[in-house]
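The values are calculated or read from the model by the stated rules, or taken from the named source; none is laboratory data. What you see is a predicted model, and the numbers here were worked out from it, not measured in a lab. Glycine also receives a Cβ, built like all others from the backbone with ideal geometry; neighbour counts cover every protein chain displayed. Keep in mind that these areas ignore ligands, DNA and RNA; they rest on the heavy atoms of the full protein, side chains included. Shrake-Rupley method; radii C 1.70, N 1.55, O 1.52, S 1.80 Å.
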Amino acid sequence: MTDATPPPGCPAHSGAVALSGLEYQQSPSELYRSLRREHGAIAPVLLDGDIPAWLVLGYPEVTYVTSHDELFARDSRRWNQWEHIPADWPLMPFVGYQPSVLFTEGAEHQRRAGVITQALEAVDQFELARDCERIADQLIDAFAGSGRAELMAAFAHALPMRAAVQFCGMPAGSTDFEQLVDDLRISLDAAEGDDPVAAYGRVGARIQQLVKEKRESPGPDVTSRMLAHPAGLTDEEAVQDLISVIAAAQQPTANWICNTLRLLLTDERFALNVSGGRLSVGQALNEVLWLDTPTQNFIGRWAVRDTQLGGRQIRAGDCLVLGLAAANTDPQIWPESQVGAENSAHLSFSNGEHRCPYPAPLLADVIARTAVETLLERLPDLVLSVEPQELTWRPSIWMRGLTALPVQFTPVSH
């Protein structure tokens, strides 16, 4: 934890905690606990470059913020810290205002979210499951004969990316497709040496090309349905909202798959019972959403006016980071620290007007469940090839995902 002198006009006092460092990456739940002890449900924090913000840790408080758009809105142009933020700030892809559904408010948000909802509702879930099973089989075929694999890169990331790009109508397998996949990863969760801002620009250019092609030659896909919607999206609106759809379908779902596989391979409640069926893949998927949710923190909301929250004075234009992972493990809702795997009232898909648009969580569940079940069916004696404590988490405060998931199994020919 870092004490730092905040910039002038900063809401944070000298106890503000930098949201970075090894402690955060490997055991964020410890950090949430200590922040709660020290600050309560709302903690003053510092983002990259010592930019001040508030981290909303409490379940009731996250629910309140996401339910009151009139107080805590999504348009980041309200931020009172822009003068302190450089153009190449690493979080710019998350917070730099874009004319996308993510930053719209009120009636405009309802119009844009309505287009996405209708386009996704027309995705046939049985067909999606079949497509995911086929993609899973192809990916597994590539490593099944060797008896070992690194599942993060070879399976968990590759599958939802291909599924999402496919239901948006982009032809898989092309160089453009592979480059898009890589640029999406960089813009969402940059590694050392990556340039997220440049990558985000390239993503936009490729999606723009897809929109142009679908205007001229529509097909049975999400992009074509969005363009045909009576709300009449412009090309720019369609590009921005498609990026949101693909990004949301890919990175969080990949980490959901991998975190679930980790749980199944390391927790004896599951390891002993998967074949016997007493604890199901469905329960594992749900437990991960509570305890290792792929989207740990979401930036953010911006205060519309001066207000009070959790005993804190929030100033107009202050940034609030939604601590989804902290809220899911709030001791107020789990006094015995026993998460109920059957309960699905978690905040992993957020809450309120700006939550993940229906039926996106259902489609993500189809993708993740099919991926995990197909893998376990094809490679029933799958085990970790390292000790569980040797697995490491990626250095991100936003996403919760492993750097690698190395496994071994009896080689099989296909």
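Within the range 31-58, track down each residue that is assigned to a loop (DSSP other than H, G, I, E, B) and small (Gly, Ala, Ser). Before the answer, list the steps.
Of all residues in the range 31-58, those assigned to a loop (DSSP other than H, G, I, E, B) come to 40-41, 57-58.
Passing the criteria: GLY40, ALA41, GLY58.
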Of all residues making up the range 89-140, the number that are within 22 Å of GLY317 (Cβ to Cβ) and either of a type in the set (Ser, Thr, Tyr) or assigned to a loop (DSSP other than H, G, I, E, B) (or both): 10
Residues of the range 192-209 that turn out to be open to solvent by 60 Å² or more (accessible area, probe 1.4 Å) and modelled with pLDDT of 85 or more, as a count: 4
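For the range 383-395, how many residues meet the condition of being closer than 25 Å to VAL412 by Cα, aliphatic (A, V, I, L, M) and touching a helix residue (DSSP H, G or I) at 6+ places or on another chain (Cβ under 7 Å)? Even if it seems obvious, please write down each step before you answer.
Here is the first cut: in the range 383-395, the residues closer than 25 Å to VAL412 by Cα are 383-388.
Pick out the ones that are also aliphatic (A, V, I, L, M) and you get 383-384, 386.
Those left that are additionally touching a helix residue (DSSP H, G or I) at 6+ places or on another chain (Cβ under 7 Å): 383-384.
Number satisfying all stated conditions: 2.
Yes/no per residue for (1) assigned to a strand (DSSP E or B); (2) of a type in the set (Ser, Thr, Tyr); (3) without any contact (Cβ under 8 Å) to a residue 40 or more places away in the chain:
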| position | (1), (2), (3) |
| --- | --- |
| GLY300 | yes, no, no |
| LEU320 | yes, no, no |
| SER344 | no, yes, no |
| SER350 | no, yes, no |
| LEU375 | no, no, no |
| ALA404 | no, no, no |
| VAL412 | no, no, no |
The number of residues in the range 114-145 that are closer than 30 Å to ASP194 by Cβ and not acidic (Asp, Glu) is 10
Among (1) open to solvent by 30 Å² or more (accessible area, probe 1.4 Å); (2) under 27 Å from CYS356 (Cα atoms); (3) modelled with pLDDT of 90 or more, which single condition is PRO86 missing? (2)
Just to be sure, is ALA156 closer than 22 Å to PRO294 by Cβ, touching a residue at least 60 places away in the same chain (Cβ under 8 Å) and touching a strand residue (DSSP E or B) at 6+ places or on another chain (Cβ under 9 Å)? yes
If we scan the range 99-122, do we find a residue that is of a type outside the set (Val, Ile, Thr), more than 24 Å from the chain's Cα centre (by Cα) and either at pLDDT below 95 or under 24 Å from PHE298 (Cβ atoms) (or both)? yes
How many of the residues in the range 225-238 are part of a helix (DSSP H, G or I) and open to solvent by 10 Å² or more (accessible area, probe 1.4 Å)? 6
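Looking at THR370, THR374, THR403, can you tell me which residue is modelled with pLDDT of 90 or more and open to solvent by 50 Å² or more (accessible area, probe 1.4 Å)? Write out each step before concluding.
Working: THR370 fails: open to solvent by 50 Å² or more (accessible area, probe 1.4 Å); THR374 fails: open to solvent by 50 Å² or more (accessible area, probe 1.4 Å).
After ruling out the rest, the residue left standing is THR403.
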Out of all the residues in the range 116-147, which are more than 15 Å from SER413 (Cβ to Cβ), among the hydrophobic types (A, V, I, L, M, F, W, C) and touching a helix residue (DSSP H, G or I) at 6+ places or on another chain (Cβ under 8 Å)? ILE116, ALA119, LEU120, ALA122, VAL123, LEU128, ALA129, CYS132, ILE135, ALA136, LEU139
Scan (1) part of a helix (DSSP H, G or I); (2) over 20 Å from MET92 (Cα atoms); (3) open to solvent by 10 Å² or more (accessible area, probe 1.4 Å) for the single condition PRO218 breaks and write down its number. (1)
In the set ASP241, ASP189, which member is under 17 Å from the mean Cα position of the chain (by Cα), open to solvent by less than 50 Å² (accessible area, probe 1.4 Å), modelled with pLDDT under 90 and acidic (Asp, Glu)? ASP189
